[in-house]
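The values are calculated or read from the model by the stated rules, or taken from the named source; none is laboratory data. Predicted model, so just to flag it, every value in this text is computed and none were measured. Neighbour counts are summed over all protein chains in view; Cβ atoms, including those assigned to glycine, are modelled from backbone coordinates with ideal geometry. In case anyone asks, the SASA skips ligands and DNA or RNA and just uses the protein heavy atoms, side chains included. Shrake-Rupley method; radii C 1.70, N 1.55, O 1.52, S 1.80 Å.
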Amino acid sequence: MIEGLVSGQLVGCAEMREGKNETSYAVAKVKADTAGGESILVNAIAFSAETCKALLALDDGDVLTLVGNL
């Protein structure tokens, strides 16, 4: 895996989901602009309880930066 940095705007609101073994995680979609001026949609998954809480506190259109494995 490679380490990545993505900045953009939250599309919709993040959602909590439950995986196997009753593990909780949050999913979110982020619209990020490329160097060429185009926009791409990035799907993000967070497993840390603190990170999930922070994502859930955001609203549609809020600006955020994500760092982690791609």
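In this Cβ point-charge picture (+1 for Lys and Arg, -1 for Asp and Glu), the stretch 4-70 has a dipole of about 160 debye about its Cα centre. Solvent-accessible surface of the chain, averaged per residue with a 1.4 angstrom probe and all protein chains in place: 74 square angstrom.
Residue ranking by accessible heavy-atom surface, 1.4 Å probe, largest first, among LEU5, LEU64 comes out as LEU5, LEU64.
Label-to-label distance for LEU70 and LYS53 is 3.0 nm, based on points extended 7 Å past Cα in the beta-carbon direction.
Applying the Karplus relation 6.51 cos²θ - 1.76 cosθ + 1.60 with θ = phi - 60° to the stretch 30-39 yields 3J(HN,Hα) values of 10, 8, 10, 8, 8, 5, x, x, 8, 10 Hz, where x marks Gly and Pro. Given C-alpha coordinates of the stretch 4-46, what is the ratio Rg to Rh with the Kirkwood estimate of Rh? With Rh from the inverse mean 1/r over Cα pairs, Rg/Rh is 1.10.
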